[in-house]
Structure formats: C-alpha cells, structure tokens
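Chemist: The structure follows.
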Amino acid sequence: MNSLQRLLARSAHSLARGLRVLACAIAPLAAPHAQAAGESSDTQQTAQRIREAETALRGKTSMGVMKMTIKRSDYERTYDLLVMSDDRSDEGKVLIRMLGPALWRGNATLKVGDRISFYDPRTRRTTVMGNSMLGDNWMGSHFTNDDLMRETDLSRHYSYEVQAQEKTKDALGQPVQRWRIQLLPKAGAPVAWGRVLYQLDVGEQPHSRALPVQVDYFRRPDDTAPVRSLRYSQLTQTEAGRLPMRMTMLALDKPGEYTQIDYSRLRFDKDFSADEFSDRAFR
Amino acid sequence: MSSLQKMAWRNLGRNRKRSATTGLGLALAMSLCMATLGIMEGLSRDLIRGTTEGEVGHVQIHHPAYPDARQLRQTLPAGPALMAQLQQQDGVQAASARMFAYAYLSHGSRSSGVQLMGIDPVQERQVTTMHLQARQGRYLDDEASPWPQARSLSVEQEAQDRALTEAAIAAAFDEGKPAPLQENERAARNAALAEQLAPRPTRTPGVVLGAQLAANLGLDPQGQDTEVQVLYETSQGLQGSMALHVRGTTRSGLDHQDRSRVLLHLQDLQHMLQLAGRAHEIALRLHDPSQADAVAARLQALPMEGEAHKVQSWSQLRPDVLALIAANRALMGTLVFIVFLIAGVGVLNTMLVSITERQRELSLLKALGLSPLHLVLLVAMETLLLCLAACTLGLLVGAGLTAWLQIQGLDVSRFGSFSMSGVDMAPKLRAQLQWQTALVPLACMLLVSLLAALVPAVLAARLTPATGLRAT
C-alpha cells in the first residue's frame, strides 16, 4: 500500500473511526469474547475483571449525553454528543448524534454491524462508508483506531499478568482492591501496542463489578514511558452504581494535548426500538 | 617525428582496402554510439520536462513539515500579493498555488477514497501542462463558484446556539427522540446559524475526476447524472458533506492518480476546508530549469509574510527521476564500452596482420638503426592516424544522424506507449545533440585503440633484425 493510499484511508474515514472510538468508550462493539477452554481460572478471572471494567459504562443498552473537549496545540473545541448503543444482538448498534454547537448540530453517525453511515443535516444526505478503511484520528480528537480496537484486542489478542493487587480507597472513600494488570500481545497478534498497563478497582462487597481507573499504552514492550494514557475520573454514585463520569485521553507525546469526555447523563437498559438505529432516526 | 608521421600515414595507405574497412567499422561504431547516446539524452530531457511540466514544476514551496506529514493545517500564505511577489522574483516565470485534502466521494451506492487537489486553472496553465491531461468532458472553469462571506455569531446568536444545545439535550434524553414540531423549528434555526458560520456556495462546485475514478464510480461525465457527494474534514475538524458537479475526466498515466485524483478550483477547496487565502503547495516555473537549485536556495531566504517555509527544487522533490537518468547513463556507458571493446579487437587484428606482413621491412628499419621506441611510436602512430580519420568520419556521420533524430524523431508508437517514472514518453523518440554524446564515444575509441596498438607495437619493437630479415 503506497503512502497516498494510506493517507487516503487515514483521513477519509475518520468518521468510521470516530464512531468506533466512541462506541468503545460508551458501548461495546461486540459481546465479550468467551475465553478459550483450557485456560487457567486465574487468567479467566483476570479476563472477566477487564471485561467488567470495559463494559462498566455500558449495559446491554445505554444512552448517554456527553461533552467532548478536544485540546490541541492549535485549537480547542467542545462537542455535545448523544450516544445510544444497543448490544442485545450481535450487530452492535451505535448511533451518535451531535447536539451542538451550531456547525455540528444534527450531524449523526450510525453503525449497525459493519455498516457505517453518516448523515449531514445541511444536505439531508446519508453517506454510507465501507468499514475496510480505518485510520487513526477522529474529529481532531486523540482517540485512535487502536483505541477503538481495544475491546476486541484486550479480550482476544493479549495475555494477562496481574502485577499487583493492593488495598486502597477509591475517590468516594470506599475500600477497593486496585489491580495492576499487564497485557502483552500474543505472538502474531495484529495489535498496535507493544504493552498495555490496565489499572482497575474491584470493590470489596461480593458481586461488585470492576471499574476502570487508568490504561497506559506503550509502543514497545520494553518502553518505560507510555505514549498515551486513558484516565477515568469523577467517580460518582449513580442509579446504576458508582461510575467514573469522565474519561481523559492524554497524548503524552504531545504535551498539553488531550481529549476529554464528560458524561452528563447516562442511562442503561432502555428498550430501544429497531427504528432508533435506522437511517430514519437521522431526521 | 614528422618523418614518423609521414611513414605512418604512408603505411596506412599500403593496404587501402584493409585500412578503409577497419576505419569504416570504427566510424560506424562511433556514429551509432553517438546517435544512441543522443536518444538517451533526449529521453532524459523528456523525462525531466515531463516531470516538471506534468505536475511538479521546477521549484516547490511548502510548510516545512508538510512534505512528510501532509497535515491539513500545515499551510502557507497564498494571497494574491504574495503570489505576485513570487512571480517577480529573479528567474521565476510563473507561480501556482495548490491545496490538497483527502476525502470520500460517493455516487449512488458506490464510493471511493479520493485526494482533492485544488488548483487555480489560470495560474496552473502557466506552470504545468496539467490541463492537457483532460480527456472527456470539460476541464475546470477559470472562475470558482461564488461563496458568501462567513460571519461569526453575535452574542445573541451564541446564546441562541447554547439554548438550542440545551433543548436538544433535554429533548433527546427525556424522549429519546424530540417532538417533531419543535424539531422542525430548531432545525430551521440551526440551519440559519450554520449557514452564517460556514456558508455553502450558491452554485455547485465543478470537479474533474481521474478517468479510472469516474469509471469506478460508474459515472459518465457526458451523461445527465453527474452529481457526486463528497465527505471531508475541514481544517477545524468539522465533518462536511456537499454535492459536486462532475465536469469531465483526466488521465495522467499514473495509475494511483487516475484512481483517486479529484481536481477542483483552489478557491472552492479553500472555502470547503475553511482555509481561505492559504495553500499547501506553491509550484514555480522558472525561465531556466537548470537554475532550479540556485533559485530554490534564494527563495528559501524570502520572508513569505513571516511564515516558515521550505523550498525544494524538482531534483530534491523527485530524486527518483535523477536516479533513473543516472542508471540509464551508466547502462549506456557500459554498452558504449562493449561496442568499442569489440572495435578494439578489430583494430588489434588489423595491426597484427600489418606487422606480420611487414616483418622484413621493420627488421630492415631496425637494422638500419631505428630504435625500438621509435618503432613502437611508428606502430602507435599508424593506429592513432587510422582512429583519427575514423573519428572524423564517425563524428560527422554521428552528428548528422543525431541531428536527423532530433528533428525527425524515431517513431516508436507501433510498439505501444510507455511511461517512465510516471511520465508518458512521447510516441516519437527525439535525440538531443550534446557535446557529451560525442565526447564519450570519442574518448572510449581513442583509449581502446591505443590499448589495441600496444601489443603489435611491442611485438614490432622486439623483432630481431637477423631473424626478421630472413622471414618470408
């Protein structure tokens, strides 16, 4: 693939990426993968914890309003987004509707299975994109294709090693066990990161779910400084339990640059009708 | 020494047929080598011209990081004042500003990733021959589509904008879907705000597509259905989509361009990307292309409205073309050398036979007191004279042949068309008469001939007069 094609693939399909990024941030792309039989129960338990943390901000279905703030060296921007996800079927449906500001309002992106479509309210047209072209930067944010592949990668392409389990207290003062899990890609796995360091909190009560705290991405397995860091903060007691209401993706290779997502409302397990994930929902 | 020259010249004349045959062989080798080298030079010239005039230009100016990163926001100023200033620089004939963006083009159910290239057709015509690549339909209009002026929001409008966001959040979350009536009203208000911030053109911008791209999208540029949708990202990170009117197609000969290139007016693209008055690339045409490096160095010091820039000559931009030319030259040099090696063996044979025939005579000269060194010189002189005569003839014929090839050209169209480094080569190969094309064969020939003369000359010098005189 020559450089032109790479560039084409990169920029033309930022939308497709963006959708998946957000889909990852809020709703799972697909149901968590079952672990292969024969793996040790420790590994299975670690995988289960990571899966819980990854799906903490999304139930079977979810609906959330969020503010996305992009801070770059040359501009700063804030979007208001409505994101709806429905993972009750294998297709993994996501609809992102931009609520503001003016120039963006009404733009919508819909992903159903592999089909991604984009709606522009000004031309009232829907453009369908193939999913074969995925690149790296979405809407000028710091979320990349690699991040969006994370969910699949973490459950399928990485091996887990729990490095530490220490007792600590979370932001609300509740005692929790903080797990530091190192993820290394399995041999031949098609992943972008050489090492991922996942930190999650597990509450002390029985049946409490794991919550993500911080995910650091290293380009090479022996790098000591991460390139990117995804941090969860603003732990809040909600109807659905404690949840981190802020996600910040720091671009550590570009000092001062980050993309932050603040949830203002979040609701789970709404019984969406099929209509809400069709092109008709755009209008 | 003059008697040696006389003797050598006379000796050549002793067997005129043989000397003439050898000399003609040398002359033929010489003239054909000249013509071949001339054709190669002509090809190199066409290659350079095709590269620079096809799209590259002689010199290009970019944002320092743009050539490697090709980020949308790495732009240069390209207002009319700056363009005029560039054109007035020493050695610069014309300047053309360009803008590039990657986008997604769709028509019906078909779509393709494309590269948008914004050019000013009037400027571009003075720098490159890109307009000659037009195939079907029409080329770009000289005038861009009219775009209303964008205005930022007033304080009141900003408040209205925030209220619209709040209303949308409330409606979306409480209902899942806003009530239709309110929705219509809000949509109308928002459309007005968006139109003010980023107005759309009052006429659909025209584009020219690469021929293969048009075919892949199932378009017929001369048909009725010639509207395509483009999905792109502005320099502000805004996703935009709009309709474009397909005017025609181009064919550059470069496969990836024909599959992905979309030409449109520079100002249309500047408006689309919210980069008015900017450019990603400024290509220059020079009066004298050979001065490209010097002009590039001079322009590097130009202030360019105080913004950082990087100036490169075509040879820095396309080192592959220079490498291709160097490789061709090396190959041709090897061929010339082989030809003259064979010619040298011919000379060697002629002189060996000549020495053997004149054994008695040479022995007599030696017996009469001619030193071995003089004998070597005599034989070398004979060879040299033969060569010089052949060279003169060869040069004349070679120059004539090259001149004919330069004027008439060699029609190779029946072997099919071909391109080198993405440049379509003319169906007629034209030679280029240059002193190098004569000098290389000339030097080769003299060197090889003198080497070939060495063996017979040494043999002659080592003759023993007593034995030689008795030889039959």
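Chemist: Tell me which residues, restricted to the stretch B:370-401, are open to solvent by less than 60 Å² (accessible area, probe 1.4 Å) and more than 24 Å from B:L439 (Cβ to Cβ).
Modeler: If the condition is that a residue be open to solvent by less than 60 Å² (accessible area, probe 1.4 Å) and more than 24 Å from B:L439 (Cβ to Cβ), then B:L370, B:S371, B:L375, B:V376, B:L378, B:V379, B:E382 are the ones that fit.
Chemist: Return the residues of the stretch A:203-259 that are among the β-branched types (V, I, T), assigned to a strand (DSSP E or B) and within 27 Å of A:A187 (Cβ to Cβ); say none if nothing qualifies.
Modeler: A:V215
Chemist: Given the structure, is A:R280 basic (K, R) and either at pLDDT 90 or above or in a strand (DSSP E or B) (or both)? It would help to see each step written out before you state the result.
Modeler: Values: basic (K, R): yes; either at pLDDT 90 or above or in a strand (DSSP E or B) (or both): no.
Answer is no for this residue.
Chemist: Still on this model: Against the conditions (1) within 28 Å of the chain's Cα centre (by Cα); (2) at pLDDT below 90; (3) closer than 25 Å to B:R151 by Cα, where does B:G237 fall short? Just the number, please.
Modeler: (1)
Chemist: Now a separate question. Where residues in the stretch B:244-291 are open to solvent by 40 Å² or more (accessible area, probe 1.4 Å), closer than 17 Å to B:H62 by Cα and away from chain A (no Cβ under 14 Å), which of them is farthest from the chain's Cα centre (by Cα)?
Modeler: In this case the residue turns out to be B:A276.
Chemist: Hey, can you tell me all the residues within the stretch B:311-347 that are more than 30 Å from B:A297 (Cα to Cα) and open to solvent by less than 50 Å² (accessible area, probe 1.4 Å)?
Modeler: B:M332, B:G333, B:V336, B:F340, B:A343, B:G344, B:G346, B:V347 - these are the residues of the stretch B:311-347 that are more than 30 Å from B:A297 (Cα to Cα) and open to solvent by less than 50 Å² (accessible area, probe 1.4 Å).
Chemist: Checking A:R178 against (1) part of a strand (DSSP E or B); (2) away from every other protein chain (no Cβ under 14 Å); (3) at pLDDT below 75: exactly one of these is not met. Which one?
Modeler: The number of the failed condition is (3).
Chemist: For B:L264, state whether it is farther than 15 Å from B:A103 by Cα, out of contact with any Phe, Trp or Tyr (no Cβ under 7 Å at 6 or more places or on another chain) and in contact (Cβ under 8 Å) with a residue 40 or more places away in the chain.
Modeler: no
Chemist: Take the stretch A:193-202 and flag every residue that is out of contact with any helix residue (DSSP H, G or I) (no Cβ under 8 Å at 6 or more places or on another chain) and not in a loop (DSSP other than H, G, I, E, B).
Modeler: A:R195, A:L197, A:Q199, A:D201
Chemist: Give the residue, chosen from A:D269, A:D253, that is modelled with pLDDT of 85 or more and either charged (D, E, K, R) or farther than 22 Å from A:T78 by Cβ (or both).
Modeler: The conditions single out A:D253.
Chemist: Something else: Scan A:T144, A:T152, A:T109 and give me the residue that is hydroxyl-bearing (S, T, Y), surrounded by fewer than 21 Cβ atoms within 10 Å (Cβ to Cβ) and modelled with pLDDT under 85.
Modeler: A:T152
Chemist: Which residues, taken from the stretch A:175-203, are over 16 Å from A:R231 (Cβ atoms) and of a type in the set (D, E, K, R)?
Modeler: Within the stretch A:175-203, A:K186, A:R195 meet the criteria.
Chemist: Here's another thing I want to ask about it. Show me the helices (runs of 4 or more DSSP H) entirely contained within the stretch B:98-206 in which 2 or more residues are at pLDDT below 85 and more than 30 Å from A:D271 (Cα to Cα). Please lay out each step first, then the result.
Modeler: Numbers: elements: B:121-127, B:155-175, B:180-197.
By residue number, B:180-197.
Chemist: Within 17 Å of B:H271 (Cβ to Cβ) and in contact with a helix residue (DSSP H, G or I) (Cβ under 9 Å, 6 or more places away or on another chain): does that describe B:L116?
Modeler: Taking the combined requirement at face value, the residue satisfies it.
Chemist: Another one. Inside the stretch A:112-127, can you point out the residues that are open to solvent by less than 40 Å² (accessible area, probe 1.4 Å) and more than 7 Å from chain B (Cβ to nearest Cβ)?
Modeler: Of everything in the stretch A:112-127, those that are open to solvent by less than 40 Å² (accessible area, probe 1.4 Å) and more than 7 Å from chain B (Cβ to nearest Cβ) turn out to be A:V112, A:G113, A:I116, A:S117, A:Y119.
Chemist: Looking at the stretch A:185-200, which of its residues are under 18 Å from the mean Cα position of the chain (by Cα) and at pLDDT 80 or above?
Modeler: Within the stretch A:185-200, A:W193, A:R195, A:V196, A:L197, A:Y198, A:Q199, A:L200 qualify.
Chemist: A further question follows. Taking the stated definitions as given, is B:L47 in contact with a strand residue (DSSP E or B) (Cβ under 8 Å, 6 or more places away or on another chain), buried (at least 21 other Cβ atoms within 10 Å of the Cβ) and closer than 30 Å to B:T437 by Cα?
Modeler: So B:L47 passes the test.
Chemist: Any residue at all in the stretch A:94-101 that's more than 10 Å from every other protein chain (Cβ to nearest Cβ), more than 25 Å from A:T259 (Cα to Cα) and either among the hydrophobic types (A, V, I, L, M, F, W, C) or surrounded by fewer than 19 Cβ atoms within 10 Å (Cβ to Cβ) (or both)?
Modeler: Residues of the stretch A:94-101 that are more than 10 Å from every other protein chain (Cβ to nearest Cβ), as a first pass: A:94-96.
Now restrict to residues that are more than 25 Å from A:T259 (Cα to Cα): none.
Checked against the condition, which is being more than 10 Å from every other protein chain (Cβ to nearest Cβ), more than 25 Å from A:T259 (Cα to Cα) and either among the hydrophobic types (A, V, I, L, M, F, W, C) or surrounded by fewer than 19 Cβ atoms within 10 Å (Cβ to Cβ) (or both), the stretch A:94-101 yields no hits at all.
Chemist: For the subset of the stretch B:19-41 comprising residues that are within 11 Å of B:G346 (Cβ to Cβ) and touching a helix residue (DSSP H, G or I) at 6+ places or on another chain (Cβ under 6 Å), which member is surrounded by the most Cβ atoms within 10 Å (Cβ to Cβ)?
Modeler: Result: B:L26.
Chemist: Could you count how many residues in the stretch A:60-82 are open to solvent by less than 10 Å² (accessible area, probe 1.4 Å), farther than 21 Å from B:Q274 by Cβ and either of a type in the set (S, T, Y) or modelled with pLDDT under 85 (or both)? Before you say what the answer is, go through the steps one by one.
Modeler: Within the stretch A:60-82, the subset open to solvent by less than 10 Å² (accessible area, probe 1.4 Å) is A:61-66, A:68, A:70, A:79, A:81-82.
Those still in the list that are farther than 21 Å from B:Q274 by Cβ too: A:61-66, A:81-82.
Right, trim to either of a type in the set (S, T, Y) or modelled with pLDDT under 85 (or both) and you get A:61-62.
Selection size over the stretch A:60-82: 2.
Chemist: If you scan the stretch B:240-266, which residues turn out to be among the basic types (K, R) and either closer than 30 Å to A:I96 by Cα or at pLDDT below 90 (or both)?
Modeler: Listed by number, the list holds a single entry, B:R251.
Chemist: Please pick out the residue among B:R162, B:R151, B:R135 that is open to solvent by 40 Å² or more (accessible area, probe 1.4 Å) and free of Cβ contacts under 8 Å to residues at least 24 places away in the same chain.
Modeler: Values: B:R151 fails: free of Cβ contacts under 8 Å to residues at least 24 places away in the same chain; B:R135 fails: free of Cβ contacts under 8 Å to residues at least 24 places away in the same chain.
On inspection, the qualifying residue turns out to be B:R162.
Chemist: OK, next. Would you be able to tell me the number of residues in the stretch B:68-91 that are within 24 Å of the chain's Cα centre (by Cα) and open to solvent by 40 Å² or more (accessible area, probe 1.4 Å)? Explain how you work it out, then say what you get.
Modeler: Quick first cut of the stretch B:68-91, residues within 24 Å of the chain's Cα centre (by Cα) only: B:68-70, B:86-87, B:89-91.
Applying the additional criterion that residues be open to solvent by 40 Å² or more (accessible area, probe 1.4 Å) yields B:68, B:70, B:87, B:89-90.
Count: 5.
Chemist: Sticking with this structure for a sec: Would you be able to say whether some residue in the stretch A:196-208 is open to solvent by less than 50 Å² (accessible area, probe 1.4 Å) and farther than 22 Å from A:Q234 by Cβ?
Modeler: yes
The values are calculated or read from the model by the stated rules, or taken from the named source; none is laboratory data. Keep in mind that this is a model prediction, so the values were computed, not measured. Using ideal geometry, Cβ is built from the backbone for each residue, glycine included, and neighbour counts are taken over all protein chains shown. Surface accessibility is based on the protein's heavy atoms, side chains included, excluding ligands, DNA and RNA. Shrake-Rupley method; radii C 1.70, N 1.55, O 1.52, S 1.80 Å.
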